[in-house]
Amino acid sequence: MNAMTLTFLVLATATIAGSLIVLWSGYVVYSIFGLMLSLLGVAGLYVLLGSDFLAVTQIVVYVGGVLVLYLFGIMLSPPDRRERNVTLIGACSVLGAVAALYLLGSARAMEGRWVLPAEPTAAPEGELIRQVGRAFLDRERYLLAFELASVLLLVALIGAVYIARRRVEAEE
Amino acid sequence: MIASLLPDLAQATAASAHPIPVTWYLTLSLVLFLVGVLTIVSRRNLIYVLMGVELILNAASLNFVAFAAYRGPQALLEGTIVGTFVVVLAASEAAIALAIVLNVFGAFGSVRPEDPNLMRE
């Protein structure tokens, strides 16, 4: 077992453990920190895959932004510790396990016949970010999607503020 | 045409001495996806449902980037860009959805998914 495998296993464990905390914990705040653990694990996996730009974006936007948003959402909403639907979890776990076994079986049958090279080939240091920047602002590639995404973000944030604002009773 | 899309299979299997096969990433993202679905169907709180959606989005994005990374630098670029868009969409989704949850709580006094039922007869 070399360092890369070990790193993958640690990150995978963190990711799965975090998501299980989201699934099982009875306290909303614990669940949010479980989600944070899971998202950080995924960010680490992005680094392992060579996509460091996406990893930093994930940490800045998700862990820095979305989770704070969730925490505020929790503080503004009531505590709700109603129990989980355990029989539903059991039934769906069985179904999920069957689906996972089936998918793993077919994946093993495919092994060695992937249309993919067997290992990730990372771009040279810093090259990926430069290429991402060029691709985002290239008229022939992603410029339209980039601008649409920025307009979408603007609309979503203004809309969120508008929806969530405290209503002031209209006078007269 | 097809043949040009396939890299040399013998070479691919010979190089599979790489410690982490792509199957591991797919398995991990499968588990993440299933936990997200379980969270959505089993929780009785809209905020947990939203967290389940985040888990599912992350699983899909991880799957996508894993395939892209094993495909080569050019594909990794595309994977990174699509992953960035997923992050942007998830951020705006979270902002809007949490605002809606706040309003649902204000209107119905509850954050259970089955309580908003004004349009039921």
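Brief remarks follow.
- Any hit, the range B:25-41, residues being at the interface with chain A (Cβ under 7 Å from one of its Cβ atoms) and either more than 20 Å from the chain's Cα centre (by Cα) or under 23 Å from residue A:145 (Cα atoms) (or both): no
- The range B:91-116, residues that are more than 7 Å from chain A (Cβ to nearest Cβ), closer than 16 Å to residue A:159 by Cβ and not charged (D, E, K, R): B:97, B:104
Residue-by-condition table, conditions (1) at pLDDT 90 or above; (2) over 15 Å from residue A:63 (Cα atoms); (3) within 7 Å of chain A (Cβ to nearest Cβ); (4) under 10 Å from the mean Cα position of the chain (by Cα):
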residue	(1), (2), (3), (4)
B:49	no, yes, no, no
B:54	yes, no, yes, yes
B:68	no, yes, no, no
B:71	no, yes, yes, no
B:79	no, yes, yes, no
B:86	yes, no, no, yes
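- In this structure, residue B:102 does satisfy being modelled with pLDDT under 85 and surrounded by 17 or more Cβ atoms within 10 Å (Cβ to Cβ).
The values are calculated or read from the model by the stated rules, or taken from the named source; none is laboratory data. From a predicted model like this one, the values you see are computed outputs, not experimental measurements. Methodologically, a virtual Cβ is constructed for each residue, glycine included, from the backbone with ideal geometry; neighbour enumeration extends over all protein chains shown.
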